[in-house]
Amino acid sequence: MPGETITLQAGQCGNQVGLQYWHQLAQEHGIQPDGTPLAYPIDNSLTYQQEGEELPSTTTKFRDDRPELFYTISDTNKYTPRSILIDLEPSVINKCANQLPMFNPRNIHLSEQGSGAANNWKNGYSYGVEYQEDLLNLIDREMDKCDNLSNFQLIHSVAGGTGSGVGSLLLELLHDRFGNKKLINTFSIFPSNEKTSDVVVQPYNTVLTLKRLIDFSDSSFIFHNDSLNSIENLLLNNYNNSRKTDEVFESTNKLISYVLASVSNPLRFPGYMYSSIESIFSTLIPTPNLKFLTTSIAPFNNSLNEYDMLLELLNDKYKMNRVEQTKYISVLNYIIGQNLDQQEIRKGIIKSQNRIDFVPWTSNSIQLVHGKKSPFIKTNSKLSGIQISNNTSIVPVFNKILRQYDLLAKREAYLNSYVESNDRVERARVLDSFNECRETIASVVDEYKSCQLDSYLDDDILQEDEIM
Ligand code: GTP
């Protein structure tokens, strides 16, 4: 039985992506900005309609989707996202509340100072520590509204101050309280390599956050802003270089949100497989140390059939963390549509399996979600598709971050904004704690490298034998 998901959206990026995400879910479930549901389209309700029974105009009774996993529904039939919005400055949260009044105002946590975390992980983290009781109260209150909470999902950027620092603290708190009982998943946006100059300390923030993703999450989806920008140009034909950053973000955020929403498609529009988040993650994550997931998106093109779409999902152009020569540990493809052509799917899966370079110890097979299209979405595209995979593309991404970090750390550059006082002992203490994070990340890089060997699982088996 699938359980509910509580979303935590932190910082500018987290809330901007969160806003588009809730727009997307609202569209898929026919929910208006104020939380009022539209009438469920009749065609899809037929299977649930008793003979002679009248279809009401707005009701949940005849729905065969499951919005309640992501929304609470009031006695007056108003839908409210199970989401907590956190930021240290008000502008983005105000935008969220204005565009989607369906958000629960009591689930908003804003700093009274309203000045942001100044792109500094330590500021965000310290703020989180100071206000942890308030944050936990918000989480507890939202949990009380669940019958069978399944997982938490955090949407944030790893590079600023709030999404990274408060986000790290949230992961620690969730892990302390619910680790092993509820899944903790993150959708983590990584900074552009081409535009790092605007925030020189991004490598520090990223390393400190990555350590918490490794220690406290069960899975993390990696989205890379550079790859997102180029997919956005391709898919949405936006080659206008004079667009403002906000416009570019809005468009890339729509892509991220589309993928985020698709991940839970089989939960929200249940079929016969993958109807819980646990089943999705257990397909993708073979060991707790290999838990970084990447995604790709098929082009929105009506001329593609199931076979074409499955092959497009392997196209480097559409990967949200684009790296060539990747080895795959697991692959879960989603084809979302109605009356899917099973023969084309089988052909596409066989062809794709032959093209993918799997690590030697896996079964070399691609798993498939037959997703259902929302009856509220009336686009021309008959089909849509995403791919979630666990692969080695995180190795160059993490290595690059480590190299950028090393350049700063070697000279203790800008360390003064992360220390309590500027004396030598304090600087050494802080640098040691940073280096510890660095080592944890390096060990994950090593894990992803060693998983490419035939002997990857043998070692573990050997150790188990030795123990016995
Ligand atoms: P402070 O601003 O320090 O309070 O922290 P914050 O978490 O609010 O910062 P922010 O979310 O702006 O994080 C900065 C990083 O996120 C940079 O790498 C930005 O390029 C990226 N970023 C910011 N907003 C967005 C967005 O809407 N979409 C995407 N894709 N990236 C964003």
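The values are calculated or read from the model by the stated rules, or taken from the named source; none is laboratory data. Since this is a predicted model, take the numbers as computed values, not measurements. Glycine gets a Cβ as well: all are built from the backbone with ideal geometry, and neighbour counts include every protein chain shown. Side chains included, ligands, DNA and RNA excluded: accessible areas come from the protein's heavy atoms. Shrake-Rupley method; radii C 1.70, N 1.55, O 1.52, S 1.80 Å.
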Q | All Cα pairs of the range 79-132, percent lying beyond 13 Å | A | 60 percent
Q) How many Å² of accessible area per residue for the chain, probe 1.4 Å? A) 44 Å²
Q | Which of Lys372, Lys182 is most accessible, then next, and so on - probe 1.4 Å | A | Lys372, Lys182
Q: Just the number, please: Stokes-Einstein D of the range 54-167 in µm²/s, Kirkwood Rh from C-alpha pairs, 4 °C, 1.567 mPa s.
A: 82 µm²/s
Q. Between Asp34 and Leu457, what length in nm is gained on full extension when 0.36 nm per residue of separation is reduced by their alpha carbon distance?
A. 147.1 nm
Q. Can you work out the base-10 log of I(q)/I(0) for the chain at q = 0.09, 0.11, 0.12 1/Å, using the Debye formula on its C-alpha atoms alone?
A. -0.60, -0.91, -1.09
Q | Probe 1.4 Å - accessible area at Asp176, Å² to nearest ten | A | 130 Å²
Q | List Trp361, Trp121, Trp22, ordered by accessible area with a 1.4 Å probe, largest first | A | Trp361, Trp121, Trp22
Q. Check Phe221: other-chain or 5+ apart residues with amide H under 5 Å from its amide H, H built from backbone geometry?
A. Thr186, Phe187, Ser188, Leu293
Q | Where a label projected 7 Å from the Cα of Asp446 along Cα→Cβ would reach, residues of the range 272-298 with amide N under 19 Å | A | 287-292
Q: Before rounding to the nearest 500, sum -39500 (n - 2.57) across all DSSP H runs of length at least 4 in the chain and divide by the residue total; then give [θ] at 222 nm in deg cm²/dmol.
A: -13500 deg cm²/dmol
Q | Long-range HN-HN contacts of Leu383 with modeled amide H, under 5 Å | A | none
Q. Roughly speaking, what is the centre-to-centre gap between the range 128-207 and the range 417-454 when only Cα atoms are used, to the nearest Å?
A. 19 Å
Q: Could I get the Rg over Rh figure for the range 134-291? Both from C-alpha atoms, Rh via Kirkwood, rounded to two places.
A: 0.99
Q) Taking the Cα-to-Cβ direction at Asp176 and at Phe376 and moving 7 Å from each Cα, how far apart do the two end points lie in nm? A) 3.8 nm
Q | Kirkwood Rh, Cα atoms: Rg over Rh of the range 361-430 | A | 1.33
Q) Per q in 0.09, 0.20, 0.23 1/Å, what log10 I(q)/I(0) does a Debye calculation on the alpha-carbon atoms of the range 335-468 return? A) -0.57, -1.15, -1.32
Q.
Need the full-extension length gain, Arg346 to Ser282, defined as separation in residues times 0.36 nm minus the C-alpha distance. One decimal, nm.
A. 20.8 nm
Q | Given charges at beta-carbon only (K, R positive; D, E negative), |dipole| of the range 268-319 in Debye | A | 220 debye
Q. Roughly how many Å² of Ile31 are accessible to a 1.4 Å probe, to the nearest 10?
A. 10 Å²
Q: Report ³J(HN,Hα) in whole Hz for each residue of the range 30-41, in order, from the Karplus equation J = 6.51 cos²θ - 1.76 cosθ + 1.60 where θ = phi - 60°; Gly and Pro get x.
A: x, 10, 7, x, 8, x, 7, x, 7, 4, 6, x
Q: Report the calculated FRET efficiency for Glu439 and Lys95 (r = Cβ-Cβ distance, R0 = 45 Å), to the nearest 0.05.
A: 0.70
Q: Could you run the Karplus curve 6.51 cos²θ - 1.76 cosθ + 1.60 with θ = phi - 60° over the range 96-102 and give me ³J(HN,Hα) per residue in whole Hz, x for Gly and Pro?
A: 4, 5, 6, 6, 10, x, 5
(Q) Quick check: at a probe of 1.4 Å, how many percent of the accessible area of the chain sits on carbon and sulfur atoms? (A) 46 percent
Q.
Among Asn315, Asn253, Asn289, which residue has its Cα furthest toward the positive end of the charge dipole of the range 230-322, with +1 on Lys/Arg Cβ and -1 on Asp/Glu Cβ?
A. Asn289
**Q.** Rounded FRET efficiency, nearest 0.05, which uses the C-beta distance separating Asn77 from Val129 and R0 of 45 Å
**A.** 0.70
Q) Relative to the present Cα-Cα distance, how much length would full extension add between Val419 and Lys244 at 0.36 nm per residue of separation? A) 59.5 nm
Q: Work out from phi, with θ = phi - 60° and the Karplus expression 6.51 cos²θ - 1.76 cosθ + 1.60, the ³J(HN,Hα) of each residue of the range 73-80, listed in order in whole Hz, and give x for Gly and Pro.
A: 10, 7, 4, 8, 6, 9, 9, 10
Q) Can you give the charge dipole size of the chain about its Cα centre, rounded to the nearest 20 debye, using +1 on the beta carbon of Lys and Arg and -1 on the beta carbon of Asp and Glu? A) 1080 debye
Q: For the range 1-42, divide the Cα radius of gyration by the Kirkwood radius and give the resulting Rg/Rh value with two decimals.
A: 1.06
Q) Counting only the heavy atoms of the protein chains, how much of Asp215 is accessible to a 1.4 Å probe, in Å² to the nearest 10? A) 60 Å²
Q) Based on the Cβ-Cβ distance of Asn233 and Gln338, what FRET efficiency does E = 1/(1 + (r/R0)^6) give at R0 = 35 Å, to the nearest 0.05? A) 0.70
